Amino acid sequence: MSKQPSRHFLRWNVNEVLRLQREYELLEMSVADIAKLHDRSVNAIVCKLVSEGFVDCWENARGYAQSELIQEAIKNGDLVMESCMDSDDESEASFDEDDSDDEDYNDEEEYSGSLVQVNKRLQQRVEQLESVIASMRKVKTAPKRKPLRSYLY
């Protein structure tokens, strides 16, 4: 099991967020390099970039998609990355009004075909949700870590 960064679960302070913005936008560093400097995970860096509005989605974060861990997870089928941008889904059924005039037109076949596609997509989404819930349970049931520093005045 990999060792978690020392700043795991610690709050971000203002100076750290400003430093993150400088490193990402001005110095154009990859998220993996920034994660090493901040002693946080790559996912924590990307999540903060998205929450602060420096990137619009995880996929667009510089260096995130090229991460070896992400590529392995995609190859193994453990992780499904969806596009952040709205695009036309080629798997959606297209309906032509002229089809009803054809002799060989069978309305039931087209309807059942689209139901099969919808069913497959729903099953995939349910599996994705189950994996997200399982990972959330792991985080929730993980033992709480105390901060490394005490803030006594």
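Rank by packing, highest mean first: peptides 117-130, 38-51, with packing defined as the count of other Cβ atoms within 10 Å averaged across residues. Can you show the working numbers first?
On the way: 117-130: 11.3, 38-51: 18.8.
Per-residue Cβ counts within 10 Å, averaged per peptide and sorted highest first, yield 38-51, 117-130.
Considering amide H positions built from the backbone, and no H for Pro or chain starts, which residues 5 or more places from TYR64, or on another chain, come under 5 Å of its amide H?
Under 5 Å from the amide H of TYR64 lie the amide H atoms of VAL31, each far enough along the sequence or on another chain.
Order of 23-34, 6-17 by packing, highest average Cβ count within 10 Å first?
Ranked from most to least packed, the peptides come out as 23-34, 6-17.
Each value in this text was obtained by applying a stated rule to the coordinates, not by laboratory testing. These numbers were taken from a predicted model, which means no experiment stands behind them. No Cβ is skipped: glycine too gets one built from the backbone with ideal geometry, and neighbour counts run over all protein chains shown.
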